[in-house]
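Everything below concerns the one structure shown next.
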Amino acid sequence: MPEQLIPTHALIGAWVAVGLTLFIFSFLYEDNPLFKIGEHLYVGISVGYSVVVVWYTVFIRLVWEEITKGHLEPLIPVTIGVLILTRFIPKISWLSRLAFAFVVGFGSGVGIPRAVSSYILKQIEDTVNPLLTMMDGGLSLSLSLADPQSGVNTIILLVGVVTVLFYFFFSIEHAGAANVAARTGIYFLMIGFGAAFGYTVMSRMSLLIGRFSDLITYAGAEYGYASLVLLALAALGLAARELLSRRASSEGPPS
């Protein structure tokens, strides 16, 4: 029974994906035309895709279709957007200030309460979790590190928040007990920054593993050995460029 053929569009997509991946990876060797092609295509396609998505999801669906239905409310944000564009017309550029004032004021009114709730009130709430919880059998103390509401985690979180805040308290000299608290805050900061950095590295490694997985998959016969063929062509192209560059540098400028 013959093997199922890969659809043409999937085959073309595999070759394009492999080519662009190898073009971007070629930067590990040096900055070269292959990398510039991949970089420019990525940026250009991303911008083009964003423009098309904004056009259809914002202007067509949220503005044009609503106006054709008789709803005139979308004209308010459209007017504000048009006023922002007056920034490019010197004689009436002052009108853009009205739009910017509205955008900044509305954004502050929406963003500041959310930031206060997320980064201040929520932090305070987590630092005052009770050590004991009321259960059916009476008071209970959980010492499991896997439980975010356990007494151990509550103590660690409280100590971390207090010591980190104390580290940034410069009104008194960090000496004696104050120095111990400040240094403890440094350790908590190092743990926090390290965890954030580790999370970032692991997420990037996940993306890298995904690209390598695709390269291995597309190296099969059903995809026409796309990874192997394009890798050989990219290597030959970079080698030829290097040889031509060395030959030109050895010959020197024309007299």
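Criterion applied to E73, E65, E30 was being more than 25 Å from L207 (Cβ to Cβ), open to solvent by 50 Å² or more (accessible area, probe 1.4 Å) and not in a helix (DSSP H, G or I), and the one residue passing it is E73. One residue stands out among those in the range 206-226 that are touching a Ser or Thr at 6+ places or on another chain (Cβ under 6 Å) and of a type outside the set (G, A, S): the one that is most open to solvent (accessible area, probe 1.4 Å), which is R211. Being assigned to a loop (DSSP other than H, G, I, E, B) and not aliphatic (A, V, I, L, M) is the filter; apply it to the range 105-132 and report the residue that is most open to solvent (accessible area, probe 1.4 Å). Looking at the filtered set, the residue picked out is P130.
Restricted to helices (runs of 4 or more DSSP H) entirely inside the range 151-255, those with at least 3 residues that are without any contact (Cβ under 8 Å) to a residue 24 or more places away in the chain, among the small types (G, A, S) and out of contact with any Phe, Trp or Tyr (no Cβ under 6 Å at 6 or more places or on another chain) are 177-217, 226-251.
Does any residue of the range 14-30 turn out to be over 24 Å from the mean Cα position of the chain (by Cα) and at pLDDT below 90? Among the residues of the range 14-30, at least one is over 24 Å from the mean Cα position of the chain (by Cα) and at pLDDT below 90, which makes the answer yes.
Residue count for the range 227-255 satisfying the condition of being surrounded by 10 or more Cβ atoms within 10 Å (Cβ to Cβ) and hydroxyl-bearing (S, T, Y): 2.
The values are calculated or read from the model by the stated rules, or taken from the named source; none is laboratory data. Small disclaimer: the values here were computed from a predicted structure and weren't measured. Every residue, glycine among them, receives a Cβ derived from its backbone with ideal geometry; neighbour counts consider all protein chains shown. With ligands, DNA and RNA removed, areas are computed over all heavy atoms of the protein, side chains included. Shrake-Rupley method; radii C 1.70, N 1.55, O 1.52, S 1.80 Å.
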